[in-house]
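A short write-up of the structure that comes next.
The values are calculated or read from the model by the stated rules, or taken from the named source; none is laboratory data. This is a predicted model, so every value here is computed, not measured. When we count neighbours, we look across all protein chains shown, and the Cβ atoms used for this are built from the backbone with ideal geometry, even at glycine.
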Amino acid sequence: MRLNDKVAIVTGGGAGIGKAIARRYAKEGARVIVAEILAERGQAVVHAIREQGGQATFVQTDVSSEEQVGRLRDATLERFGRIDVLVNNAAVLLTHGDGRAHELTSETWERTMNVNLRGYWLCAKYVVPAMLRQEADASSSWRHARASAALRDWPRTAPAKAASSP
């Protein structure tokens, strides 16, 4: 098992790619924190992981909320004492509000940016310091698009790089 006893936070872990990652990581031996805004989805994934013999915990989280991301980090550290992997996967696709730039509502724009951009940054802001404290054992990893920009002292440009990713 490649992730045996590693602690992995998977944001957006209640559906789609996040759900698949959470289940696969648990199968590989990780202790998974399923961070999901929709409780029913997140709890269902945790239940499925446990039925397969894996370890998982659900933490209801809106990644656009600084307070909730801080609680996600705290709950993970309280339960497992460490964080080895952050899968920054949570995102929204507000298809009901899609349109050309000049047709979007401010609410659609703000919700999309708050989750898809600010949420990535908040998770990094709160989780990466805990991971860096563990760096001595070289077991931590941080995964999401353009993560290297923020880790290479480019915090001013990381949001623009992430937003411009294909």
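For segment 1-23: of the residues being out of contact with any strand residue (DSSP E or B) (no Cβ under 7 Å at 6 or more places or on another chain), surrounded by 14 or more Cβ atoms within 10 Å (Cβ to Cβ) and modelled with pLDDT of 95 or more, which is nearest to residue 134 (Cα to Cα)? Ranking the qualifying residues of segment 1-23, first place goes to 23. Taking segment 88-166 and the helices (runs of 4 or more DSSP H) fully enclosed by it, the elements with 3 or more residues that are aromatic (Phe, Trp, Tyr) and modelled with pLDDT of 85 or more are at 119-133. Summed over segment 9-45, the residues that are in a strand (DSSP E or B) and more than 14 Å from residue 90 (Cβ to Cβ) give a count of 2.
When you check residue 69 against the structure, is it touching a helix residue (DSSP H, G or I) at 6+ places or on another chain (Cβ under 9 Å), of a type in the set (Val, Ile, Thr) and not in a helix (DSSP H, G or I), yes or no? The answer is no for residue 69.
Being modelled with pLDDT of 95 or more, in a strand (DSSP E or B) and among the aliphatic types (A, V, I, L, M) holds for only one residue in 75, 56, 48, and it is 56.
Screening the candidates 66, 40 for the property of being surrounded by fewer than 18 Cβ atoms within 10 Å (Cβ to Cβ) and touching a residue at least 40 places away in the same chain (Cβ under 8 Å) yields one hit, 66. Contact map, segment 17-30: residues that are under 14 Å from residue 85 (Cβ atoms) paired with residues that are modelled with pLDDT of 95 or more and assigned to a helix (DSSP H, G or I), Cβ distance under 8 Å, separation 6+ or inter-chain. Pairs shown: 22/45; 22/49; 26/49.
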